[in-house]
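Peer 1: Take a look at the following structure, please.
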Amino acid sequence: MAGKGTMTTRWTRKDLLGLRELSADEINFILDTTDAFKQVGTREIKKVPSLRGKTLVNFFIEPSTRTRTSFELAALRLSADVINISVTTSSLTKGETLKDTARNLQALHADILVLRHSSAGAPQFLANRLQASVINAGDGAHEHPTQALLDLYTIRERRGKIAGLRVAIVGDILFSRVARSNIFGLLKLGAHVTLIGPSTLVPKEFEKLGVEVSYKIEDVLPKADVVNLLRIQHERQRREYFPGILARSTAASRSTARSPTDCTASFSIKSPTVWQCAWLFFTSVEGSRDEPHNHSKRSNYRSRKQAR
Amino acid sequence: MSPTIIRNGRIIDPANKRDEIADLYISNGKIVGSKSEIRAKLSRRDGKSEIEEIDAKDLIVAPGLIDMHVHLREPGFSHKETIESGARAAAAGGFTTIVCMPNTSPVPDNAGTIAWIKDRASAIACVNVLPSGSISKNLAGEELAPIGSLAQAGVVAITDDGHCIQNHEVMRRAVEYARMVGLPVLDHCQDYNLVGNGVVHEGYWSTLLGLPGWPAAGEEAIVMRNILLSELCDHPIHCQHISTAGSVRLLREARARGVKISGEVCPHHIALTDEAIQNFDTNCKVNPPLRSRTDVNAVLEGIADGTLSILCSDHAPHADFEKEVEFDVAPFGIIGLETELGLFIDLLVHKHAKIDIARLIEMYTVEPARLLKLDAGTLSRGSPADVTLINPDLKWTVDVDRFRSASRNSPFDGWKLKGRAVRTMVGGKTMWKL
């Protein structure tokens, strides 16, 4: 497999902003390095001195539990000093701009800045202005490179390779930064990628990235080696992108043959919510508009309309 | 002010179908017919003042250019631009007349604010500044502004630019009323529901970058609405900053049927595509957004066949601290007064060869003057001596640090262009020269 075992590639980048800008060699280099660090977490003394003396700032301007905790834990295990700043404790709520806040962090001599932000491109904005290394921990619907690297690592670990695998990414692709990073990474490593979801969340434009787009999950699943299930990004959707969730899950539970366990693929499942949402796509039955789940969204929409 | 003779230039005066090497005579701020007229006027006075001579060999002598789409930001946002700095930028770009848009604070939806703008402009602006009034009160798109008193106060058009009246019935009444008072209606074409929170053209790059898309149909739906209302009310509606292939197609069809609809083009919509946003450069964030290559090509064809008849900048200054933020938070807008002529000559005349320089000058003079019924845009005898000298082959490099504008939000810094204005004269007086 390309890259595996060849540790000659060197990491020359200051920042990790996305997988689109990385080469296959660079991605493989990270995955190979991961093998070594993975052992650390299983030891009795879970600590190595790799980042001793370095200061890492977790700067999360959008809610996160798993990603922030993962970064914090990883940094602690590598002996870095960690500061966590979340949106409620940051000066952004006082009207300070992202640039101002970043300059202050620079003045504190932070070495690594891990940024989660609701705006696409925010990590690049900071990377262009700071000496510190910027790691993108998710920016808007743009990229989430570390999540995708984790997914790639998992696939490689379970399947032994990535090149040639048929990977299906299911769910809300339009609003998903995880999907985009996965698409870039998988394609660079030679996988065949198919996107599946309702047409409003999987626009045909994605085909220009070099993936297949399908709206029939039953055609794709039997052939898939790997399935990556994505949750619905309600927080990014400004209106209804499909007719309703509950009706779909009802229809899905009525359907007997469309169980994910019927197919032979490996599943990379991130949480029960993800599972629940992804399940909906195992049926393409559109639901009634009157189910209770939607009422809160509707009234939100109504109040926004009134506000304007 | 001393009389002037501009010697040996190529006089291009599209209003009079004139294109010849000749001398141009200016006296008392007006174009005059001959040197003897100057002498006659001199002798009637003291006879002592000297005649200034300007050598215009290898230069084009054009009527002073008109940019009918400029944001001067004053009153209310003078940290971005002022009437004075915007006018100086206009002069440095070759413009003698500019029309300023109404999205200021307060909004010129009343005669008093229009009077203030005119007073301020006549006191400090080095070019002619003509105000537009808003269509709706406070640009809210709901109630009509007092269009009649705006007309009396001297606006040259009404527009809600930056905003778009969504209620077609309100727009219809505005157009009908504007017809009565003889004001053209300019419209920023944007369907709010289709566009939503879009910040970049909906297409390949919005998909790739995960930025909210601004679909072409969001512009085209309103262009279509305007065609229908222009027909219904039999009154001119001018569609501002046209950016999509569909809009060009709609305008072409409607104009062929004689509908009083027109469209204008900004330089960024032909100089750049949506690919330019890939590094999240907020200086490329503009409304309507930079479009696809297909759209750019269609706009170029629309210019070539006359469907799009007016060139302008949509000069939209913003301060550094406003633009240096996250992409989706940054304000829309690109400044253009000091780059537009260079970009259009370079792209339309030289690079793509879509039109000749005479047509380009016509699109900057006769066409806007006709739409707005201005006494400008011609070198006819007796006209105000607003003159722009252009060197169509001069190579130069854009340097934002040398801009007269108070803002720097241009994506064209460092661009090498061919062709630019070298002298701008307003009322016979040189207001800027290279």
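Peer 1: In the range B:231-259, what residues are more than 25 Å from B:Ala271 (Cβ to Cβ), assigned to a loop (DSSP other than H, G, I, E, B) and among the aliphatic types (A, V, I, L, M)?
Peer 2: B:Val259, the sole residue that qualifies.
Peer 1: Scan B:Leu194, B:Leu251 and give me the residue that is out of contact with any strand residue (DSSP E or B) (no Cβ under 7 Å at 6 or more places or on another chain) and either open to solvent by less than 10 Å² (accessible area, probe 1.4 Å) or within 25 Å of A:Lys204 (Cβ to Cβ) (or both).
Peer 2: B:Leu194
Peer 1: Here's another thing I want to ask about it. Residue pairs, Cβ under 7 Å, 6 or more apart or interchain, first in the range B:255-268 and farther than 16 Å from B:Glu367 by Cα, second part of a strand (DSSP E or B). List them.
Peer 2: Short answer, once both residue conditions are applied: B:His268/B:Ile334.
Peer 1: Just the residues that are under 17 Å from B:Pro75 (Cα atoms), open to solvent by 10 Å² or more (accessible area, probe 1.4 Å) and hydroxyl-bearing (Ser, Thr, Tyr), please, taken from the range B:112-162.
Peer 2: Hits for the range B:112-162 are B:Thr113, B:Ser122.
Peer 1: Considering only the range B:78-97, state which residues are over 13 Å from the mean Cα position of the chain (by Cα), part of a loop (DSSP other than H, G, I, E, B) and small (Gly, Ala, Ser).
Peer 2: B:Ser78
Peer 1: State the number of residues belonging to the range B:126-135 that are in contact with a strand residue (DSSP E or B) (Cβ under 6 Å, 6 or more places away or on another chain) and either under 15 Å from B:Arg173 (Cα atoms) or without any contact (Cβ under 8 Å) to a residue 12 or more places away in the chain (or both).
Peer 2: The number of residues fulfilling the criteria is 1.
Peer 1: Answer with yes or no whether B:Thr430 is within 27 Å of B:His238 (Cα to Cα), out of contact with any Asp or Glu (no Cβ under 8 Å at 6 or more places or on another chain) and in a strand (DSSP E or B).
Peer 2: The answer is no for B:Thr430.
Peer 1: Hey, can you tell me all the residues within the range A:123-173 that are within 14 Å of chain B (Cβ to nearest Cβ), over 17 Å from B:Thr207 (Cα atoms) and free of Cβ contacts under 8 Å to residues at least 60 places away in the same chain?
Peer 2: Passing the criteria: A:Phe125, A:Leu126, A:Asn128, A:Arg129, A:Leu130.
The rows are residues; the columns are (1) surrounded by 23 or more Cβ atoms within 10 Å (Cβ to Cβ); (2) modelled with pLDDT under 90; (3) of a type in the set (S, T, N, Q).
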| site | (1), (2), (3) |
| --- | --- |
| A:Ser70 | no, no, yes |
| A:Ile112 | no, no, no |
| A:Leu115 | yes, no, no |
| A:Pro123 | yes, no, no |
| A:Leu130 | no, no, no |
| A:Gly138 | yes, no, no |
| A:Pro145 | yes, no, no |
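Peer 1: Residue check, A:Asn182 against (1) within 14 Å of chain B (Cβ to nearest Cβ); (2) closer than 29 Å to A:Asp100 by Cβ; (3) at pLDDT 95 or above, all met but one. Which one?
Peer 2: Condition (2) is where A:Asn182 drops out.
Peer 1: Hey, can you tell me all the residues within the range B:188-208 that are among the polar types (S, T, N, Q) and in contact (Cβ under 8 Å) with a residue 60 or more places away in the chain?
Peer 2: B:Gln190, B:Asn197, B:Ser206, listed by residue number.
Peer 1: Another question about this same structure. Would you pick out the residues in the range B:221-230 that are surrounded by fewer than 23 Cβ atoms within 10 Å (Cβ to Cβ) and either in contact with a Leu (Cβ under 8 Å, 6 or more places away or on another chain) or not in a helix (DSSP H, G or I) (or both)?
Peer 2: The answer is B:Ala221, B:Met224, B:Ile227.
Peer 1: If you don't mind, there's one more thing I want to ask. For the range A:192-214, name all the residues that are open to solvent by 10 Å² or more (accessible area, probe 1.4 Å), more than 25 Å from A:Leu22 (Cβ to Cβ) and in contact with a Ser or Thr (Cβ under 6 Å, 6 or more places away or on another chain).
Peer 2: A:Ser214
Peer 1: Yes or no: the range A:88-106 includes at least one residue that is touching a residue at least 60 places away in the same chain (Cβ under 8 Å), of a type in the set (Val, Ile, Thr) and farther than 20 Å from B:Gln278 by Cβ.
Peer 2: No.
Peer 1: Another question about this same structure. Please go through the range B:203-220 and give me each residue that is open to solvent by 10 Å² or more (accessible area, probe 1.4 Å) and more than 14 Å from chain A (Cβ to nearest Cβ), ordered by number.
Peer 2: Passing the criteria: only B:Glu220.
Peer 1: Here is a list: B:Trp432, B:Trp415. Which entry is at pLDDT 95 or above, surrounded by fewer than 21 Cβ atoms within 10 Å (Cβ to Cβ) and not basic (Lys, Arg)?
Peer 2: So the residue among B:Trp432, B:Trp415 that is at pLDDT 95 or above, surrounded by fewer than 21 Cβ atoms within 10 Å (Cβ to Cβ) and not basic (Lys, Arg) is B:Trp415.
Peer 1: Does A:Leu189 satisfy the condition of being away from every other protein chain (no Cβ under 14 Å) and over 14 Å from A:Arg20 (Cα atoms)?
Peer 2: no
Peer 1: Right, here's the next one. Do we have B:Leu290 as closer than 22 Å to B:Asn197 by Cβ, away from chain A (no Cβ under 14 Å) and among the hydrophobic types (A, V, I, L, M, F, W, C) here?
Peer 2: Criteria met by B:Leu290.
The values are calculated or read from the model by the stated rules, or taken from the named source; none is laboratory data. For clarity, every value in this text was computed on a predicted model and none was experimentally measured. FYI the Cβ positions are ideal-geometry reconstructions off the backbone, even for glycines, and counts take in every protein chain you see. Surface areas here come from the heavy atoms of the whole protein model, side chains and all, with no ligands, DNA or RNA. Shrake-Rupley method; radii C 1.70, N 1.55, O 1.52, S 1.80 Å.
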